[in-house]
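Asker: Following this message is one structure expressed as structure tokens.
The values are calculated or read from the model by the stated rules, or taken from the named source; none is laboratory data. Quick caveat: nothing in here was measured; it's all calculated off a predicted structure. Please note: Cβ atoms are built from the backbone with ideal geometry, for glycine as well, and neighbour counts cover all protein chains shown.
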Amino acid sequence: MSYLKLTFENCSGCLGCELACSLQHYGYIDLFKSRIRIIADEEMSDIEIHQCIQCEERSCVSACPAGALSINDEFGYIMHNGSICIQCQKCFKSCKYHGVFWDEERNYPLTCDLCGGDPQCVKVCKLHKAVQINEKEAVR
């Protein structure tokens, strides 16, 4: 199973990962469409990376009363079935890792799908290596 490895101390806050993510999924740049978010506190020189980490709990999946979220067997990412989603936002609210985002325009959750096994955020983060793909079993 693949998962993203986040190294906060390596992140420069350039937002390249956010730009690549929204471009990959929507064909245009919109930071509110990104499935990875960089939260920078410039005053404190602190950076947080918010991203689905394919956690063991999968609280977003279990919180969904409609069964609209499931786990991809090959890569382990969360999949969203919009045809049965009731837009309750329980998946978004249940993630204690802040890895589920809500698309206000389309009214559905944004979760990392590892770009189908070729995560674009990893490609643009080659210099700093704050976001990397790890093929080993995640330590949870």
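Asker: I'm checking my understanding of the structure. Among residues of region 30-87 that are of a type in the set (Ser, Thr, Tyr) and in a loop (DSSP other than H, G, I, E, B), which one is farthest from residue 15 (Cα to Cα)?
Answerer: Applying the filter and picking the extreme gives 83.
Asker: So which pairs qualify, if the first residue must be in region 107-128 and farther than 25 Å from residue 94 by Cβ, the second must be part of a helix (DSSP H, G or I) and not hydrophobic (A, V, I, L, M, F, W, C), the Cβ gap must be under 6 Å, and the two must be at least 6 apart or on different chains?
Answerer: Close Cβ pairs (under 6 Å, with a partner that is part of a helix (DSSP H, G or I) and not hydrophobic (A, V, I, L, M, F, W, C)) amount to 120/24; 124/16; 128/10.
Asker: Quick one: would you say residue 133 is surrounded by 14 or more Cβ atoms within 10 Å (Cβ to Cβ) and outside any strand (DSSP E or B)?
Answerer: no
Asker: Just to verify a result, which residue in region 21-65, among those that are free of Cβ contacts under 8 Å to residues at least 60 places away in the same chain and touching a Cys at 6+ places or on another chain (Cβ under 7 Å), is surrounded by the most Cβ atoms within 10 Å (Cβ to Cβ)?
Answerer: Result: 60.
Asker: Kindly provide the set of residues from region 96-130 that are part of a loop (DSSP other than H, G, I, E, B), on the phi < 0 side of the Ramachandran plot and of a type outside the set (D, E, K, R), ordered by number.
Answerer: Passing the criteria: 97, 99, 100, 111, 112, 119, 125, 127, 128, 130.
Asker: State whether the residues of region 55-71 include one that is among the hydrophobic types (A, V, I, L, M, F, W, C), in contact with a Gly (Cβ under 7 Å, 6 or more places away or on another chain), within 23 Å of residue 38 (Cβ to Cβ) and at pLDDT below 95.
Answerer: no
Asker: Is it true that residue 91 is touching a Phe, Trp or Tyr at 6+ places or on another chain (Cβ under 8 Å) and assigned to a helix (DSSP H, G or I)?
Answerer: no
Asker: Please count how many residues of region 77-96 are within 24 Å of residue 132 (Cβ to Cβ) and surrounded by fewer than 16 Cβ atoms within 10 Å (Cβ to Cβ).
Answerer: Qualifying residue count for the region: 2.
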